[in-house]
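Taking it in order: structure first as structure tokens, then the write-up.
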Amino acid sequence: MSKAIRVMHFADTHFGVENYGRLDPATGMNSRLVDFRKSLSTAIDLALESGVQLAVFAGDAYKGRDPNQTHQREFAQCIRKLTDKGIPVVLLTGNHDIPNVRGRANALDIYRTLGVNNVTVINQPNVHTIETSGGKVNVAGLPYLMKGFTLAKEDATGKSVEEIRDIIENKYSDYISLLTSKLDPSLPTLFMGHFWVRSAKLSNWQTGYFQDSEPKVALSTIARPEFDYVALGHIHKHQDLNLGSNPPVVYSGSPDTIDFGERTDTKGFVMVDLKKGETTYEFVPIPDRRPFWEIDVDINAE
């Protein structure tokens, strides 16, 4: 009987967020970058201690699509802690990783260009067979679909915001069906996606900027029997949208607090025991993160 393959699922690290930060004299970096690096490094250490055999990152490595060299260096050093141990890493592009001009490289392309050992970048819908120490795994990836890259200009001309949203939602569904047709049915399968699933609960911070025009994917579209685990990014709040059923459809959430709107959310990553038809997982909180305190002051106008 085959053993389960240990998988680390993480997402939305957003290196470059500097809300409420200041210069850290010990490193010369913004204190929030130090926080985010520490949280991701801690998550990777915990995954290594748990015997991780594959790591999948479900998008949004950086705050912006043009990260500076320091942000790239710090993220790469964290990823290297995995690859130096021979752990394969799959990186999926999220909306914050994608340029707004066609033809420009995305923020994760450097790994693919340099041919970094044990790193696979998925920047378009595709299926990869990943070799792990526990055996082969199907990894199907569907990045965030940017409107400007997904639709030809003539396809969007004259369309309302709602019509464009519907077209992109249908493209998500079509791509997922295409990916399932490319799977090796003999292997355990992990699906990665970076998008908003319709039944997902947003963090309080995200509620303020996510718009109704944002495409949403139906749960039934991804909770498919061909998948043994669905690893999602984009929503910063950890949740299983298919709780108690197969496959688990899980947002790992972000490993650190982005804003005061997320101050009460538990942050962490997910350790998955991937096995055909029998996948289980555990959410692992990140300890010793910087606390966000909100102090209410009752002021008398007199």
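Details
- One residue stands out among those in region 202-221 that are surrounded by 13 or more Cβ atoms within 10 Å (Cβ to Cβ) and charged (D, E, K, R): the one that is modelled with the lowest pLDDT, which is GLU214.
- Unmet requirement for LYS63, which otherwise passes all of (1) open to solvent by 50 Å² or more (accessible area, probe 1.4 Å); (2) over 17 Å from the mean Cα position of the chain (by Cα): (2)
- TYR229 meets all of the listed conditions (1) closer than 29 Å to LEU33 by Cα; (2) buried (at least 20 other Cβ atoms within 10 Å of the Cβ) but one, namely (1).
- Restricting region 174-200 to residues that are loosely packed, with under 15 Cβ neighbours inside 10 Å and part of a helix (DSSP H, G or I), the residue that is farthest from the chain's Cα centre (by Cα) is SER181.
- Residues of region 258-299 satisfying the condition of being over 17 Å from THR13 (Cα atoms) and among the charged types (D, E, K, R): ASP273, LYS275, LYS276, GLU278, GLU282, GLU294, ASP296, ASP298
- Boolean, LYS153 is over 28 Å from VAL197 (Cβ atoms) and either crowded, with 18+ Cβ neighbours inside 10 Å or at pLDDT below 90 (or both): yes
- Residues that are part of a loop (DSSP other than H, G, I, E, B) and either in contact with a helix residue (DSSP H, G or I) (Cβ under 7 Å, 6 or more places away or on another chain) or among the hydroxyl-bearing types (Ser, Thr, Tyr) (or both) within region 218-233 comprise ARG224, GLU226, listed in sequence order.
- For region 234-266, the set of residues classified as surrounded by 24 or more Cβ atoms within 10 Å (Cβ to Cβ) and in a loop (DSSP other than H, G, I, E, B) consists of HIS234, ILE235, HIS236, SER252, GLY253, SER254, PRO255, ASP256, THR257, listed by residue number.
- Residue, farthest from ARG73 (Cα to Cα), within region 18-31, restricted to residues that are surrounded by 13 or more Cβ atoms within 10 Å (Cβ to Cβ) and either hydroxyl-bearing (Ser, Thr, Tyr) or at pLDDT 90 or above (or both): TYR20
- Selection within region 279-302 - touching a residue at least 24 places away in the same chain (Cβ under 8 Å), surrounded by 12 or more Cβ atoms within 10 Å (Cβ to Cβ) and not basic (Lys, Arg): THR279, THR280, TYR281, PHE283, VAL284, ILE286, PHE292
The values are calculated or read from the model by the stated rules, or taken from the named source; none is laboratory data. Since the model is a prediction, treat every value here as computed from it, not as a measurement. Glycine gets a Cβ as well: all are built from the backbone with ideal geometry, and neighbour counts include every protein chain shown. Remember, those area values only see protein heavy atoms, side chains included, never the ligands or the DNA or RNA. Shrake-Rupley method; radii C 1.70, N 1.55, O 1.52, S 1.80 Å.
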